[in-house]
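Below is one structure; the comments refer to it alone.
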Amino acid sequence: MQRSSPHTRVDFHARPLEPVRLLALALQTVRPKQWLKNGLIFFGLVYSLQLTNASLALQAVAAFAAFCCISGAGYILNDIRDLELDRNHPVKRFRPIVARQLSVRSALVLAILLFAAGFGLAAAVGLLFVAMCAAYMLLATSYSLWLKHVVLIDSFAVAAGFVLRAAAGAVAVEVPISPWLYVCTALGSLVIVFGKRRSELVELEHTAGSHRPSLEQYTVEFLDYLVAITATASVMAYSLYTFSAENVPANHLMMATIPVVLYGVFRYLFLLRVKNVTSAPEELLLKDRSLAAAVVLVLAMSAAILYLSPRAA
């Protein structure tokens, strides 16, 4: 099994790039599509009914920007560490650092700047939010160095990153963190993570283990079970939230979003198991109009119901 070595030769030098080209490569390296995950930062603001509070909204935007910077720096360090492994990957080999379009030295400078900007923004939001960002970086570093090589733990670690984002968003706007935020985010993210592992197995086939050692211990059948279990649990948890959470309207109108959530989950399972789509979840959301429409509709309906209906007593 091939693994990256601490003695791996990396290209610290590259031909000087034009500023526009360098900016484009830098943007590609920090993976802006992954910023969709950081949208969870806004859940605390929206679901605590504080969306119209301009001051808190600005806090949430700063928190979102901080997480984009910090997570982007983490992606850069991960690309550098897995340089040799990723050069044999059908998709990752086109990343700027892996493809030698961006030198390791330039990438390290970019990572340092992003860390500085991210934690600078975090400090402006608040010290507790800085601690949440530090916890996220500790998790991301642990995942890159060790956790991603341990079957099942790798998936739970990624899901924990989603939960940390949602919790950090609540901390940023200083609202109580609802247990429903944890439960629904954790279960929903596990559906996505197990689905991604399945897609990786289908795409990489017999070479999966050489790209991610933990994939050797998964099977498509096992992951299908895990996706089914977590999808069922996530729908049940969301359904309970719609009439049990403290901040939902007393008229139970939030239950009207359940069919749309069900459709979104079923659409994802259809793409995953019937169409055998191997796109990353964030790319799938951008490419599949039906899935994207379901997500947008749920968010729009939820916002309208929460802000225009009487609140629960």
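The values are calculated or read from the model by the stated rules, or taken from the named source; none is laboratory data. Just so it is clear, the model here is predicted, and its values are computed rather than measured. Note that we place each Cβ from the backbone using ideal geometry, even for glycine, and neighbour counts take in every protein chain shown.
Consider ALA245 carefully, then state whether it is outside the structural domain of LEU83 (by TED's automatic domain parsing), at pLDDT below 90 and over 23 Å from the mean Cα position of the chain (by Cα).
Judged against the criteria, ALA245 is a match.
Against the condition without any contact (Cβ under 8 Å) to a residue 12 or more places away in the chain, of a type outside the set (D, E, K, R) and crowded, with 18+ Cβ neighbours inside 10 Å, how does LEU147 come out, does it pass? Before you say what the answer is, go through the steps one by one.
Working: without any contact (Cβ under 8 Å) to a residue 12 or more places away in the chain: yes; of a type outside the set (D, E, K, R): yes; crowded, with 18+ Cβ neighbours inside 10 Å: yes.
Against the criterion (without any contact (Cβ under 8 Å) to a residue 12 or more places away in the chain, of a type outside the set (D, E, K, R) and crowded, with 18+ Cβ neighbours inside 10 Å), LEU147 qualifies.
From the set of residues in region 67-113 that are of a type outside the set (Gly, Ala, Ser) and touching a Phe, Trp or Tyr at 6+ places or on another chain (Cβ under 6 Å), which is surrounded by the most Cβ atoms within 10 Å (Cβ to Cβ)?
Here the residue is CYS68.
Determine whether region 34-42 contains at least one residue that is under 19 Å from the mean Cα position of the chain (by Cα), free of Cβ contacts under 8 Å to residues at least 60 places away in the same chain and within 22 Å of LEU286 (Cα to Cα).
yes
I'm told SER155 meets every condition in (1) surrounded by fewer than 18 Cβ atoms within 10 Å (Cβ to Cβ); (2) over 30 Å from ASN53 (Cβ atoms); (3) of a type outside the set (A, V, I, L, M) except one. Can you identify the failing condition by its number?
Failing condition for SER155: (1).
Within region 16-50, restricting attention to residues that are in a helix (DSSP H, G or I) and of a type in the set (D, E, K, R), which residue is nearest to VAL109 (Cα to Cα)?
ARG21
Give all pairs with beta carbons closer than 6 Å in which a residue from region 84-99 that is farther than 19 Å from SER199 by Cα meets a residue that is among the polar types (S, T, N, Q); count only pairs at least 6 apart in sequence or on separate chains.
Going by the 6 Å Cβ cut-off, the qualifying pairs are GLU84/SER4; GLU84/THR8; PRO96/GLN28; PRO96/THR29.
Looking at this structure, is SER189 surrounded by 15 or more Cβ atoms within 10 Å (Cβ to Cβ), at pLDDT below 90, closer than 24 Å to SER48 by Cβ and not basic (Lys, Arg)?
Spelling it out, it is not the case that SER189 is surrounded by 15 or more Cβ atoms within 10 Å (Cβ to Cβ), at pLDDT below 90, closer than 24 Å to SER48 by Cβ and not basic (Lys, Arg).
Can you tell me which residue in region 103-112 is farthest from the chain's Cα centre (by Cα), limited to those that are closer than 23 Å to ALA66 by Cβ and touching a residue at least 40 places away in the same chain (Cβ under 8 Å)?
SER106
Does GLU174 satisfy the condition of being surrounded by fewer than 18 Cβ atoms within 10 Å (Cβ to Cβ), on the phi > 0 side of the Ramachandran plot and part of a loop (DSSP other than H, G, I, E, B)?
Yes; evaluated as a whole, the condition is true for this residue.
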